[in-house]
Amino acid sequence: MPATIPLLILTGAGMEASFFLANISIGHPPQEQIVLLDTGSSMLWIADTACTTSQGEKGCTPPPAKAFVPAHSKTADVGGAVAPLVYADSSSITGVLLTDTVHLSGEAFSHIPMLLAKRIDRGSSIGQGTMGLEFGGEVVTGLGSFVDAAFPQRGNLASIQVHTSLPDPHVFLSEEHTSDAFRFSSDMFTEDNSKWYASLRAIGMSTQTSGSLWTHDFSRSDPLGAPALLDTGSAAVRVGSDVFRGIVSSLPDCRQSSRFAALDCACEDPLPTLSLSFEAYESRRAGLDLGASFLVCVPPEAYISRAPGGRCHLHIVDAGQPHEVFGHEAIVLGMPVLKAVHFAYDVNRRVVGFAASASCTDPRDAWIFRNGQSISLLTVVVLTAVGLLLYSPSAREHSWKLLCPCSGRSDRGVRLLDESPSSELTAVSAEETRARRLARFMNAPSAVQEGGSLTGHASSV
């Protein structure tokens, strides 16, 4: 039977109090642990019974979490110190290698590497252990990730599915996807890395009565759209400054009490729905977008929380500028989105999917055909002209530099919105990966040598 991890969705008034927590057990006999499930990082870590905080306090896991006692497990193998795990909010986890059995709802996964925390220097993250659900953890500490170690033990496991519907939220480590349950996004931003990226075409705000209030189509300036990271370790949706100003313009009477305080707005009804348009898997042919996109609609109660005085805190934040991943403008889809919709990761295809909905207004520009149903005459003329212009490989490369100024950008200091500024994708530069994607976008051989992989640091919890 595929493993199922029961979820506890911890919510509260503060932005920091909205996370996916799960009960797991480690060791023999099993010791129960409560861990945060984080799609934005890869490591499994738990606190040692002798763990101390940066303030010198003993005990790093506040109730109801429990510390792990290695001496009480017959299967525990404790090794030497490993590189510290550092998060973007300046939290750091320092400890030693622990290899032990992990139990998930009756399923036992043996010899799983994890970090046994001896010291936690905490910024704003909560004091639970964390199970990273991203692949490729060796780039952080050299240990490998939980899913890297666990999935080969169940050769039939093919996906990670997160179902958030109450009263029984859960995670499936599943043999297959239910074809009708999810729509999968393009692999444009996941082909050369292991993060949970979707290909976002456009974002907007709308109501049923007034229709579209504001939209931003990323394809206006970038033919590949925007990488959107599904990050359950992020308590907010993080967007660039221009996008943030557009979102705020569609909300009533928004104020900020201080520079670092959360933005709050009037709780007038109806507040708009956040609409996200994703490019569907394998939707491009011969370099053209065939319109196979799908919508995810996020209701206002997911991205706001009620505050005293009849106001609403906004859980969408301005991540500032620059705002790039792999040379593309990007966003982070944190808990306000992910607790409102089922989502999944297809291990074989390395793509993410959503339980799509169509109850909100499509935020894409009107000249781009919608859902493959219609296409304007202007689109036909433009695509025909571009096709003739780009017939020659040399002309294609030169034209893309003229048509899309962003294609020439190089950013070796690439950072995710909630990563530390020093975090780098070191194996392949942003310019090279962008050139590869543009070549793939045009259905032509890439001039960049294939090989290598992108490596990055864990995102914040």
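The values are calculated or read from the model by the stated rules, or taken from the named source; none is laboratory data. Keep in mind the model is a prediction, meaning the values are calculated, not measured. Neighbour counts run over all protein chains shown; Cβ positions are idealised from the backbone, glycine included. For accessibility, only protein heavy atoms count, side chains too; no ligands or nucleic acids. Shrake-Rupley method; radii C 1.70, N 1.55, O 1.52, S 1.80 Å.
Yes/no per residue for (1) at pLDDT 80 or above; (2) over 20 Å from the mean Cα position of the chain (by Cα); (3) more than 17 Å from SER42 (Cβ to Cβ):
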{"position": "GLY132", "(1), (2), (3)": "yes, no, no"}
{"position": "ASP168", "(1), (2), (3)": "no, yes, yes"}
{"position": "LEU200", "(1), (2), (3)": "yes, no, yes"}
{"position": "ARG220", "(1), (2), (3)": "yes, yes, yes"}
{"position": "GLY225", "(1), (2), (3)": "yes, no, yes"}
{"position": "LEU229", "(1), (2), (3)": "yes, no, no"}
{"position": "GLY233", "(1), (2), (3)": "yes, no, no"}
Pair list, Cβ under 6 Å, 6 or more apart: the range 324-351 residue among the polar types (S, T, N, Q), other residue at pLDDT 95 or above and outside any strand (DSSP E or B): none
Test: residue in the range 35-44 that is in contact (Cβ under 8 Å) with a residue 24 or more places away in the chain, surrounded by fewer than 15 Cβ atoms within 10 Å (Cβ to Cβ) and touching a strand residue (DSSP E or B) at 6+ places or on another chain (Cβ under 8 Å): no
Filter result for the condition that a residue is modelled with pLDDT of 90 or more and closer than 19 Å to THR190 by Cα, over TYR303, TYR345: TYR345
The range 343-360: number of residues that are farther than 21 Å from PRO227 by Cβ and open to solvent by 50 Å² or more (accessible area, probe 1.4 Å): 2
Count - residues of the range 101-117 that are open to solvent by less than 30 Å² (accessible area, probe 1.4 Å) and at pLDDT 90 or above: 9
So GLU32, is it modelled with pLDDT of 90 or more, at negative phi, open to solvent by 30 Å² or more (accessible area, probe 1.4 Å) and under 29 Å from the mean Cα position of the chain (by Cα): yes
Out of THR94, THR75, sole residue that is under 18 Å from PRO29 (Cα atoms) and open to solvent by 50 Å² or more (accessible area, probe 1.4 Å): THR75
Residues located in the range 308-362, provided they are within 26 Å of ALA150 (Cβ to Cβ) and of a type in the set (D, E, K, R): LYS339, ASP346, ARG349, ARG350
Filtered residue count, the range 301-320, keeping only those that are open to solvent by 20 Å² or more (accessible area, probe 1.4 Å) and closer than 24 Å to ARG183 by Cα: 1
The range 236-258, residues that are open to solvent by 10 Å² or more (accessible area, probe 1.4 Å) and under 11 Å from the mean Cα position of the chain (by Cα): ARG238
Qualifying position, being hydroxyl-bearing (Ser, Thr, Tyr) and within 30 Å of PHE343 (Cβ to Cβ), among THR53, THR39: THR39
Residue count, the range 216-235 (criterion: touching a His at 6+ places or on another chain (Cβ under 9 Å) and either crowded, with 24+ Cβ neighbours inside 10 Å or part of a helix (DSSP H, G or I) (or both)): 6
Within the range 326-335, considering residues that are over 12 Å from the mean Cα position of the chain (by Cα) and not aromatic (Phe, Trp, Tyr), the one surrounded by the most Cβ atoms within 10 Å (Cβ to Cβ): HIS328
